[in-house]
Amino acid sequence: MSQDIKPAKVLYPNTPWTERSVPGVHVPNEQETFKSTFTEPTVECPECHSLTTHTAMSFNAYVCPQCDEHLRMKARERLNWFFDQVDHELGQRFVGNDPLKFVDSKPYSERMLDAQNKTGETEALVVFQGVLKGISMTACAFEFDFMGGSMGTVVGDRFVEAAESAIQKKQPLICFAASGGARMQEGVLSLMQMARTSAAIEKLKAARLPYIVVLTHPVYGGVTASLAMLGDIHLAEPKAMIGFAGKRVIEQTVREKLDEPFQRAEYLLDHGVIDQIVHRHSLRDTVYRLVSKLMNKN
């Protein structure tokens, strides 16, 4: 052996080899915790605060894989998820304006532009016609992120066109409701949409075509007082908040504390307001079965 080779230096001469730390590996102590890292944007569940990648949440229809909480879906994404095949979109020719030149903290026209930039939609209602399990349907969905899904004149125009097109093509109409109510920036013109949409629904009933409402979180105000509560069948997603006036307004009026689950879908089901609570994963099959029965497709 060459005389230039020196014996290796022993770092822990008095420590058994089984208890020696491995160089380059950090062993955390009791006060340290590991944090998960993701390579793409994540979605935080508002209920259990777990993080899920946007792709995984999308594949799971925005139902939390940890606690089963139903998160809000965007209108266009919901309709694409609902239909097996989308034929075309209705109502894009209707574009909002500022009929009253309304100004609060900022002009209504600026609020509309902000909402359009935020959501990528031109208004708060999206209407598709397509096919679900072999049955052609018309379906509309409220975009809650567009000014709280509020109902203005364009929302009324698009809903009426959806109903009239469904009648013309002898299709059922499905409505996914999620709204804060009538749009205050359009005043009485917004309230008039309650009557317009109600009349359109009456035409559907005269044509003996099903109108099914799916109540998602939340549904309030003039939408609840009109198109959201005039369905042949009312379905709701779990824990959805549904009412006319808000819980806080009612508490101030009756001077009583209203505990959970007041105005939740489960409370309304117990009191006969809605027909069924349906998990989002079962919603497509449930709507298909109902339409099949109501239109004698079996």
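Things worth noting here:
- Identity of the residue in the stretch 276-298, in a loop (DSSP other than H, G, I, E, B) and touching a helix residue (DSSP H, G or I) at 6+ places or on another chain (Cβ under 8 Å), that ends up surrounded by the most Cβ atoms within 10 Å (Cβ to Cβ): 278
- Verdict on residue 144 being surrounded by 14 or more Cβ atoms within 10 Å (Cβ to Cβ) and touching a Leu at 6+ places or on another chain (Cβ under 8 Å): no
- Residue match in the stretch 113-131 (condition: of a type in the set (Val, Ile, Thr) and surrounded by fewer than 13 Cβ atoms within 10 Å (Cβ to Cβ)): no
- Counting only strands (runs of 3 or more DSSP E) that sit wholly inside the stretch 82-200, those with at least 1 residues that are small (Gly, Ala, Ser) are 125-132, 135-142, 173-179.
- Every residue from the stretch 89-101 that is surrounded by fewer than 15 Cβ atoms within 10 Å (Cβ to Cβ) and either among the hydroxyl-bearing types (Ser, Thr, Tyr) or at pLDDT 95 or above (or both): 89
- Which listed residue is in contact with a Leu (Cβ under 7 Å, 6 or more places away or on another chain) and of a type in the set (Asp, Glu), from 68, 84, 98, 104: 84
- Residue in the stretch 216-225 that is more than 19 Å from the chain's Cα centre (by Cα), crowded, with 21+ Cβ neighbours inside 10 Å and of a type in the set (Gly, Ala, Ser) present: no
- Filtered residues of the stretch 164-215 (kept if loosely packed, with under 15 Cβ neighbours inside 10 Å, on the phi > 0 side of the Ramachandran plot and in contact (Cβ under 8 Å) with a residue 24 or more places away in the chain): 170, 187
- Here is the figure for the stretch 201-229: residues that are outside any strand (DSSP E or B), closer than 30 Å to residue 71 by Cβ and of a type outside the set (Val, Ile, Thr) total 9.
- Residue ID - farthest from residue 60 (Cα to Cα), chosen from residues in the stretch 254-298 that are of a type in the set (Phe, Trp, Tyr) and without any contact (Cβ under 8 Å) to a residue 60 or more places away in the chain: 262
The values are calculated or read from the model by the stated rules, or taken from the named source; none is laboratory data. Just so you know, these numbers come straight off a predicted model, no measurement behind them. Positions of Cβ are backbone-derived with ideal geometry, glycine not excepted, and every protein chain shown enters the neighbour counts.
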